[in-house]
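Written out below as structure tokens is the structure these notes cover.
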Amino acid sequence: MMTALFTLLSAVFSLPYRLLLAVAVSVRSRVQAPKMPANEDAKYYRDDPAWGDVEPLPQDDGGLHPLASIAYTDEYSEAMGYLRAVMADSEHSERVLELTEHIISMNPAHYTVWLYRAKTLREIKADLGREIEWLNPTALQHLKNYQIWHHRQTIIDALGSPDGEADFIATMLEQDSKNYHVWSYRQWLVQRFSLFDKEDELTWTESMIEDDVRNNSAWNHRWFLVVGGHSGHLESEHVVKRELEYAKYAIRKAPQNQSPWNYLKGAVRAAGLPSSSLKDFALEFADMRRPDDIYSSHALDLLADIYAEEEGNKEEAKKALELLATRFDPIRAHYWNYRKGLLEVPETAA
Amino acid sequence: MAPGLTREAEERRLNYAAHIRYWRRNLKTFLPHQYTGNDCNRMTLAAFIISALDILGDLPAALSQEEREGYIDWVYRCQLPGGGFRPAPATDLGPLRNPENQIWDPFHVAGTFFALLILVNLGDDLEKVKRREILQWLTKLQRSDGGFGETVGENDRVEGGNDSRFGFMAAAVRWMLRGNLEGPVDGVPDIDVDAFVRCVQVAETYDGGLSEAPYHEAHGGFTSCAISALYFLDRLPRKQTDGRPRGLRNMPMTLHWLASRQTLTLDEEDAADTYSDETDSAATCHDSHSFMKLHNFPSSRGKLSFQNQPPVHAELKWVGMNGRENKIGDTCYAYWVCAPLKLLEHLHIIDPKPIRRWLLDRTQHLVGGFGKLPGDHPDPQHSFLGLMVLSMFGEAGLQNVDTALCITEKAKKHLESLPWRRKLLGLDDKGEA
Ligand SMILES: [Zn+2]
């Protein structure tokens, strides 16, 4: 789902890529784009008396050989002409809010239209509660757009309250429980309103993991609350015990699930415990004396690390890596063999 | 025919003719109106189009001299009066632009990065690029925590997210315009490289990946961008320390995380039953695949394995790459994961063969290009990054590419040969080749 990264950077990450390539497209005539069929609900400004005083500024597409030209609809071209005109004139008004809303509905990744709208809201002292009411369905329509979340941050920050945000986030996560923007926004919310130690937040995170024990975003959010909220440390022995038990419980539910294993290893490191403290637990899922009863490649991986650190147990470590390479995780055979190679490097050279 | 050969022959090849048709169509015809959401990313799409044709070796044939000059002219028409490039004509206020309203047509790091790539690809000498001004903008685009934003807005406020995509593009632009030099050059101040490195380090995650910001989830795209940025800044980890801060803080963990992005979950319907786990579904499953299917091997297979014979199993024919833990394979992550491995000089920890087959057999499209998932229509981003990966793997018939810049080595050499750049870097004193 989440292509995420990148628009490549900026666009790349979160675009509507599954577009029908189809229609193509008559040859770029260098003069005019092909006419798109008129949309019955299209909104035009030229006949609207409320806009009669504005002279639109048409797009200069840049000469005879423009690159990546798009067959814009008339509706979009016209609206953009009015947007450039109001920006040029620095107009901030109620009708500008409507215009920016219209453009966002067609091109939510227009980076300055959002900034312009934010400034307009400030200038005309608009009702920010209403802005959020508009943003909710807009975000649901454009699940992968990140400008929307940036804008939402600006508005909620100005409102000064997180009320209602948890419900909205829940609605968003129903659409895509791993949406990166939504989880990032939740983290911003926790930070902005100091919710790290609010019990609800941890309980909610647990319910997300309960729904899907493989939701790595939820696991990461737990780490953010428990460790990130306490300057990178697990704050007490009680918390250490609780976190280790929690991860172990989840692993017993689904041993072949990298998320809680990574969490467990991270927690042990953050607590300053040796990885050997997890040996007995790992053996529950991967006892090399009984290779037919191995239930988790992640347990073998961890055992390989533990054996490698033990005095004189390198052969056991190699055996674990060989099992991974040849039987339990062969898609990563090159990696396991590389790890095996590292064991052969003389200690002094390491 | 020997069985081995038959099998080879059955494999899908890179369909050069179709890819060339796909990219020429993108170059010379209008993109359909569904691309309106990309209106402000046209420079990015344009860079993919030009660079893809160059990787396919088709650029000279695809362009007349007049077209080449026309495209160069188009890019320069996107150059801002104060330096830098807008990412599309959409924000151009033309004759109405003035000091008060120019913040709505601001310096834009992606516009600038991709414009420079296109100019280099088309053989321009960048003499008309306002290079000093761009370098000055980069320093304004850096936030106090060391990270970079996307644009500079009202009152010099840095706008846009604060993740490694922007740092990557800023570092690449800096490298193109002033190489590896640190500190002021020619009276133009430098960005704070140390602060940026620290910003990357605090975005390292507990599982070894890199994220958007401290304590956010590890993500292939952010990992790749951060590592490419460190590469451009000459701050990747080194055996010998030189007193300068270097990322990453835990290389073995990062390599583990990158290697873990290989997956057998390639289709939405690739659900699998897993050991006492009721939550596994098409949307959630992942690494259960590699494990559960192979776990059922007969024991005799296990014995064989101990002789270092990798098992030949149909499941291993195609291996995809994902961007986060427990996510489905996606064409673009083949690049976002392989690129950092290559820059860290560890591409050998993955096997390129099944990844190549996945791209060619599963996400390559009949009309050319690559889709995100099997069966998806091609789009410029996935189509371009798919080609990048195949070239990085040494696909016959493709031009060699520079992993981090995303252009051909030939185009990069052209950049490096430009007289103003050689002079700036003091290369002419050391004798010309
Ligand atoms: Zn993708």
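The values are calculated or read from the model by the stated rules, or taken from the named source; none is laboratory data. All values reported here derive from a predicted model rather than from experimental measurement. Heads up, the Cβs are rebuilt from the backbone with ideal geometry, glycines too, and the neighbour counts pull from every protein chain shown. Just so you know, the surface numbers come from the protein's heavy atoms only, side chains and all, with ligands and any DNA or RNA stripped out. Shrake-Rupley method; radii C 1.70, N 1.55, O 1.52, S 1.80 Å.
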- Give the calculated FRET efficiency between residue A:198 and residue A:310 to the nearest 0.05, with a Förster radius of 45 Å applied to their Cβ-Cβ distance. 0.60
- Multiply the residue separation of residue B:180 and residue B:413 by 0.36 nm, subtract the distance between their alpha-carbon atoms, and state the gained length in nm to one decimal. 82.3 nm
- Item | Local electrostatic count at residue B:135 - Lys and Arg +1, Asp and Glu -1, tallied over other residues with Cβ under 11 Å | +3
- Rounded to the nearest 10, the angle in degrees between the Cα long axis of helix A:216-226 and the longest principal axis of the Cα atoms of chain A comes to 80
- Top positive-direction residue, dipole computed over the stretch B:12-129 with Cβ charges, set B:93, B:46, B:75: B:46
- Note on the structure: So, relative contact order of chain A in percent, Cα under 8 Å, 6 or more apart, is 8
- Note on the structure: The distance between the Cα centres of the stretch B:81-109 and the stretch B:20-74, in whole Å, is 23
- Label-point separation in nm, residue A:284 to residue B:127, each point 7 Å along Cα→Cβ: 7.2
- Query: Which order do B:417, A:297 take by accessible area at a 1.4 Å probe, largest first?
  - Reply: B:417, A:297
- Between B and A, buried accessible area summed over both sides at probe 1.4 Å, in Å² to the nearest 100? 11100
- Item | Residues listed by number, the stretch B:48-71, amide nitrogen under 12 Å from residue B:28 label point at 7 Å toward C-beta | B:61-64, B:67
- Ratio for the stretch A:112-233, C-alpha Rg to 2.2 N^0.38 Å, reads 1.10
- Query: Around residue B:251, with a cut-off of 12 angstrom between Cβ atoms, what is the net charge of the other residues, counting Lys and Arg +1 and Asp and Glu -1?
  - Reply: +2
- 0 to 90° range, to nearest 10: angle between helix B:16-28 axis and chain B longest Cα axis: 30
- Item | Computed [θ] at 222 nm, helices only, for the protein assembly as shown once each DSSP H run of length n ≥ 4 contributes -39500 (n - 2.57) | -14500 deg cm²/dmol
- Item | Separation between Cα centres of the stretch A:203-271 and the stretch A:148-200, rounded to whole Å | 20
- Where Rh is the Kirkwood radius over the Cα pairs of the stretch B:135-249, the temperature 10 °C and the viscosity 1.306 mPa s, what D in µm²/s does Stokes-Einstein return? 112
- So, for the Cα atoms of the stretch B:12-129, Rg and Dmax in Å stand at 15.4, 57
- Extent along principal axes [Cα atoms of the protein assembly as shown; Å; largest to smallest]: 83, 64, 55
- the stretch B:79-141: trypsin sites (Lys or Arg not before Pro) in DSSP loop, at most 13 other beta carbons within 10 Å: B:128
- Candidate cut points under chymotrypsin sites (Phe, Trp or Tyr not before Pro) in the stretch A:74-138, DSSP loop plus at most 12 other Cβ atoms within 10 Å of their own Cβ, are none
- Using a 1.4 angstrom probe, figure out how much accessible area the protein assembly as shown has per residue, in square angstrom, rounded to the nearest whole. 39
- Message: Largest first, please: the extent of the C-alpha atoms of chain B along each principal axis, to the nearest Å.
- Response: 74, 50, 49
- Query: All other residues with a Cβ under 12 Å from the Cβ of residue B:393 taken together, and with Lys, Arg as +1 and Asp, Glu as -1, what is their net charge?
  - Reply: +2
- Query: Roughly how many whole Å is it from the C-alpha centroid of the stretch A:46-61 to that of the stretch B:315-355?
  - Reply: 50
- Where Rh is the Kirkwood radius over Cα pairs, Rg/Rh for chain A: 1.11
- Query: By how many degrees, between 0 and 90 and to the nearest 10, does the Cα long axis of helix B:331-343 differ from the longest principal axis of chain B?
  - Reply: 80
- Note on the structure: For the stretch B:135-249, the dipole about the Cα centre with charges only on Cβ (Lys and Arg +1, Asp and Glu -1), to the nearest 20 debye, works out at 400
- Per GNM of chain A with C-alpha springs under 10 angstrom, the most fluctuating residue out of A:52, A:129, A:232 is A:52
